[in-house]
Amino acid sequence: MVDLTINTDVAREILTSFIRSEVTRVGYSRAVINLSGGLDSALSCVLVVEALGAENVLALRLPYRTSSPDSLEHAQLLIDQLRIPSETIDITPMAEPLIQRDPNISNVRKGNILARMRMIVLYDKSEVFKGLPIGTSNKTEILLGYSTLWGDMASAINPIGDLYKTQVRQLSRALGVPAPILEKPPSADLWQGQTDEGELGFTYDQVDKLLYLLVDQRYSPQECIEEGFDEKFVHAVIGRVRRNQFKRMMPPIAKLSNRTIGYDFLYLRDWGT
Amino acid sequence: MKLNLALAQISTKLGDVEANLEKHLHYIEEAKKQKADLLVFPELSLTGYVLQDLVASVAHKPIEDDAVFKPLLKASHDLDLVIGFVDEDSRHRFYIASAYLSGGKVLHVHHKVYLPTYGLFDEGRFFAWGDSIRSFDTRFGRAGMLICEDFWHASPPYLLWLDGADLMLFSSASPGRGLNDREKLESARWVERVSKAYASMFTSFVAHCNRVGFEDGLLFWGGATVNDPNGELVAQGPYFEEALTVAELDLNQLRRTRARLPLLRDERTALVQKELNRILSRG
């Protein structure tokens, strides 16, 4: 029986102090976050507000013309609940000229353009508000590579990146994320009718348990199959994790000198702080 | 005899020895106010933990001429100190080290003998391995120092015990990990369990001082502890935040416990040696 339950008090304490420490030690006191209306950004936002104070968090709602009205509305629910400064910027006029250049553009390309457009706005507002951009990627999507490189993956710090989606749900419930956000099916809302589980082909409940055994508990694929996971599913997930390793790394540099960034020039980001 | 033992679970600035020295001096003043006789700082308290390529630039020698150790040695006239630092030997090997300072002198330097180089740890890549485990005499009796992974292995505390240490001073920079549904992180539960076990099995005082603060995503969990020769928790610091934990130790407890439970008297060291020789000489 795989149990992903976490102690939400401990998680809350660690994650809020992480945010406070990593934001303030680089000379900032504020943060900026893109609110999609979904669960991951809602939880990240609640944590950031608790860490830095409501007045120090700028929430951005960045709809595109096909975005579900629910997304906007749910983001607003959270903004109202937390009483934080917010801005709503329609990214349609920015994204459309690029999207319109190719009438045969695929959903994936469109989705990537929208995710990266939102990243551009996030980083621009970061400069205006003098706030660090907060990441909202959970461990499940980072491992599966279910995200856009340099898009929704771009941030200065990522408080929820070591929580599986089911744990994000548990912590969100404990921290009072509004019910409509908790209850709706997860979706990137990059095109109409998109849902994560529909696109991935499995549920978060299933895949989180499998990833927990494979990654956290170091089970072999065979041991996972013996635990009752379908063989095809196990291999499909392992294949996805491996194929998407590139999204979890900085681009490799070809080594020429005796000391090369990434290989033998090694310092933490918190160097000197 | 009483010993006022203070444990300073501090956060550090990564690679900024000057700033960390300032913090040491601040906590020394605080400990003096609370009449501490001995103040223990965490592993690498002068430098920060994930040093990587900073190692060479933060190394210091525990000598009077060293600008960082000079004020610490001076302070050790007022109370004894255990300081975590990077030691550089005369042939430029770098060690994770703890120095025991007392009365303006260095009584002992311990070089970490177990460098974890697995999982999230990479110490063996950057540091030289210490190669001795020695107890030493202090004004409170015989003591021994170990650093983090040293006491994840059973043999270093055992050797200190046989070498006469009644007071074991453990220091750590232990990153929190293993969140599940319980109230404590797995790493904290593990260290607390073994600290208590060593105090119980060796009928000795075991103090543990772990740092706090973040380095990138790693959170050091603090939670300093002191266990007495009965294995009872005497004092505990908070998790995750800086604190000075002071415990008054009644050193006479050693006598009372060992009169009741003569584990030290009955320890069959010759048998251990004989069996170790046999085990280690197997081809």
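Values quoted throughout were computed directly from the atomic coordinates according to the rules given, and no laboratory measurement underlies them. Source: prediction; values computed, not measured. Virtual Cβ from ideal backbone geometry, glycine too; neighbours counted across all protein chains shown.
The antiparallel fraction among DSSP beta bridges confined to segment B:2-281 stands at about 65%. Taking only the Cα atoms of segment A:139-259, the radius of gyration and Dmax are 16.5, 55 Å. Other residues whose C-beta falls under 10 angstrom from the C-beta of A:Leu200 contribute a net charge of -3, scoring Lys and Arg +1 and Asp and Glu -1. Among B:Gly104, B:Gly124, B:Gly237, the largest mean-square fluctuation in a Gaussian network model of chain B, built with springs joining Cα atoms closer than 10 Å, belongs to B:Gly124. Taking GluC sites (Glu not before Pro) across segment A:182-273, the ones in a DSSP loop with at most 16 further Cβ atoms lying within 10 angstrom of their Cβ are A:Glu227. Assign one of three labels to segment A:1-94, namely rounded, prolate or oblate, based on the Cα gyration tensor with a ≥ b ≥ c the square roots of its eigenvalues; rounded applies when a/c is under 1.5, prolate when it is not and a/b is larger than b/c, and oblate otherwise. Oblate is the answer for segment A:1-94, as a/c is 1.5 or above yet b/c matches or exceeds a/b.
Modelled spin labels at B:Asp122 and B:Arg142, positioned 7 Å past Cα toward Cβ, are 4.1 nm from each other.
Legend: translational diffusion of the protein assembly as shown by Stokes-Einstein, Rh = Kirkwood radius over C-alpha pairs, 37 °C, 0.692 mPa s; D = 125 µm²/s.
Assuming a ≥ b ≥ c are the square roots of the Cα gyration tensor eigenvalues, decide whether chain B counts as rounded (a/c under 1.5), prolate (otherwise, with a/b larger than b/c) or oblate. Here chain B falls in the rounded category.
Computed over neighbours whose Cβ is under 15 Å from that of B:Ser90, the net charge equals -2, Lys and Arg +1, Asp and Glu -1.
Here the spin labels are modelled as points 7 Å beyond Cα on the Cα-Cβ line, and at A:Val215 and B:Gln52 they lie 2.1 nm apart.
The smallest convex shape that holds all Cα atoms of segment B:1-114, its convex hull, gives 106 Å³ per residue.
Radius of gyration over Kirkwood radius for segment A:12-65, both on Cα atoms: the Rg/Rh ratio is 1.01. Sites listed here are trypsin sites (Lys or Arg not before Pro) in segment A:1-61 whose DSSP assignment is loop and whose Cβ has at most 10 other Cβ atoms within 10 Å, and the list is empty.
Longest stretch of chain B clear of exposed loop sites (chymotrypsin sites (Phe, Trp or Tyr not before Pro), DSSP loop, at most 16 other Cβ atoms within 10 Å, sites excluded): B:130-283.
Applying the criteria of a DSSP loop state and at most 16 other Cβ atoms within 10 Å to the GluC sites (Glu not before Pro) of segment B:18-103 yields B:Glu64. Note on segment B:159-279: Rg/Rh from Cα positions, Kirkwood definition for Rh, rounded to two decimals, is 1.05. Here is the size of segment B:1-43 from its Cα atoms: Rg then Dmax, 11.4, 39 Å.
With the helix formula -39500 (n - 2.57) applied to DSSP H stretches of n ≥ 4, chain B reaches a computed 222 nm mean residue ellipticity of -8000 deg cm²/dmol. Exposed loop sites are taken as trypsin sites (Lys or Arg not before Pro) in a DSSP loop (any state but H, G, I, E or B) with at most 14 other beta carbon atoms within 10 Å; the longest stretch of chain B without one runs B:183-267. By the Stokes-Einstein formula, at 0.890 mPa s and 25 °C, chain A with its Kirkwood radius over alpha-carbon pairs has D equal to 124 µm²/s.
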